[in-house]
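Have a look at the structure below before the remarks.
The values are calculated or read from the model by the stated rules, or taken from the named source; none is laboratory data. Quick caveat: nothing in here was measured; it's all calculated off a predicted structure. So basically every Cβ, Gly included, is an ideal-geometry build from the backbone, and we count neighbours across all protein chains shown.
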């Protein structure tokens with residue numbers, strides 16, 4: 001690459017580093033232009049102005065409504081950086097919204113910063129050259145450097161960092177405290193999947209539609225983030241006995257009303273709003289994360305009188321080490337076509353730092369507040385009626401625990417394809433239209449084919 005002051009910048013958005021020198025160089029670097037590619041290193045884009053660290057016009061796409069925190073964050077950001085204008089565009093993070101964002105990134109819609117919610121979206125957009133490589137920038141940032149130092153703790157693509165997680169999102173169990181108190185049920189913190197099943201079955205016997213909405217996983221919690229791959233990532237791991245055990249567990253829990261039947265979920269589209277059924281006491285236990293708190297605190301739209309308590313994600317086996325299947329998520333990415341990459345990085349840094357508490361009302365907990373959660377963050381997260389609605393002590397004990405550690409996916413070969421086919425085949429088992437033996441064999445076969453094709 002030629003000298004910045006003499007030749008300008010050529011930024012390769014795929015498989016190459018977007019270096020700190022390019023973004024944070026001297027005065028000549030600020031005035032330089034760059035060829036930003038949207039599809040890969042062989043596709044040169046038109047020269048665009050990189051702007052400066054404190055000046056530009058940014059368009060930010062996020063899946064959280066502005067009134068739930070991002071609006072306040074943007075306002076605070078523009079007050080601190082008056083020469084950077086930010087337009088926040090909210091999109092619904094469903095199939096249609098995801099497609100809309102992908103299409104916009106590939107087309108001519110101006111987007112500078114965007115959020116990807118889940119490994120599949122991060123991998124797809126990064127591999128397509130739609131996001132800048134942030135590895136070197138993160139390495140030199142006091143907060144973000146934790147994502148590139150030591151063992152992986154967030155999603156990487158080809159061992160490079162194209163996204164930075166903005167939330168700490170462990171999974172845990174929300175419990176209707178009034179229901180278990182009335183039934184005389186005690187739930188210890190060191191419980192197991194079998195305990196969960198037994199307690200859910202007991203709750204169902206109190207008159208609820210089901211004891212719980214969903215069931216704990218076995219494979220991801222036992223095997224860790226790369227659970228769908230055998231060692232090295234050259235072959236799928238879907239023939240591991242734990243995948244069969246998960247399907248057997250689901251059918252058993254469905255049969256005794258410990259969890260909602262898949263046919264009911266599909267017919268009533270319950271998976272689009274499961275919180276409604278928790279808050280109207282149709283079931284008593286809900287495996288979810290901090291995003292669910294925004295519904296519990298919203299008495300206007302979800303009136304209820306019971307208090308919610310919290311328990312850790314159940315262990316597959318009592319006393320054994322396991323992983324929490326939650327993630328560090330809500331990954332923030334910079335578009336490879338951004339004309340204001342320096343200002344975009346300034347915005348990313350603000351979101352990771354002083355802006356983070358402002359999005360807590362949406363159920364967002366920053367990865368940088370886990371070690372020392374502030375009372376202000378708890379207040380923003382749980383709302384004014386928090387003492388009435390939540391067992392706050394159990395929340396702090398469960399959500400900010402050091403163990404079990406969050407799982408991390410470091411292998412992503414054909415991940416999108418495998419995740420999709422696995423979900424579709426499992427749904428057929430749950431609906432009773434495919435035997436478990438056939439499902440396991442088909443998942444393994446199709447996943448191996450997808451890996452081979454990707455390689």
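This table checks each residue for (1) surrounded by fewer than 24 Cβ atoms within 10 Å (Cβ to Cβ); (2) at pLDDT 95 or above.
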| position | (1), (2) |
| --- | --- |
| 314 | no, yes |
| 317 | yes, no |
| 325 | yes, no |
| 334 | no, yes |
| 339 | yes, no |
| 358 | yes, no |
| 364 | no, no |
| 368 | yes, no |
| 378 | yes, no |
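Checked against the criterion of being assigned by TED's automatic domain parsing to the domain that holds residue 218, over 18 Å from the mean Cα position of the chain (by Cα) and within 28 Å of residue 411 (Cα to Cα), the candidates 336, 267, 315 yield just one match: 315.
A single member of 281, 291 is farther than 30 Å from residue 443 by Cα, surrounded by 16 or more Cβ atoms within 10 Å (Cβ to Cβ) and more than 26 Å from the chain's Cα centre (by Cα), and it is 281. Considering every residue within the range 162-170, establish whether at least one is in a loop (DSSP other than H, G, I, E, B) and surrounded by fewer than 24 Cβ atoms within 10 Å (Cβ to Cβ). Yes, that holds for at least one residue. Residues that are without any contact (Cβ under 8 Å) to a residue 60 or more places away in the chain and closer than 19 Å to residue 205 by Cβ within the range 274-288 comprise just one, 280.
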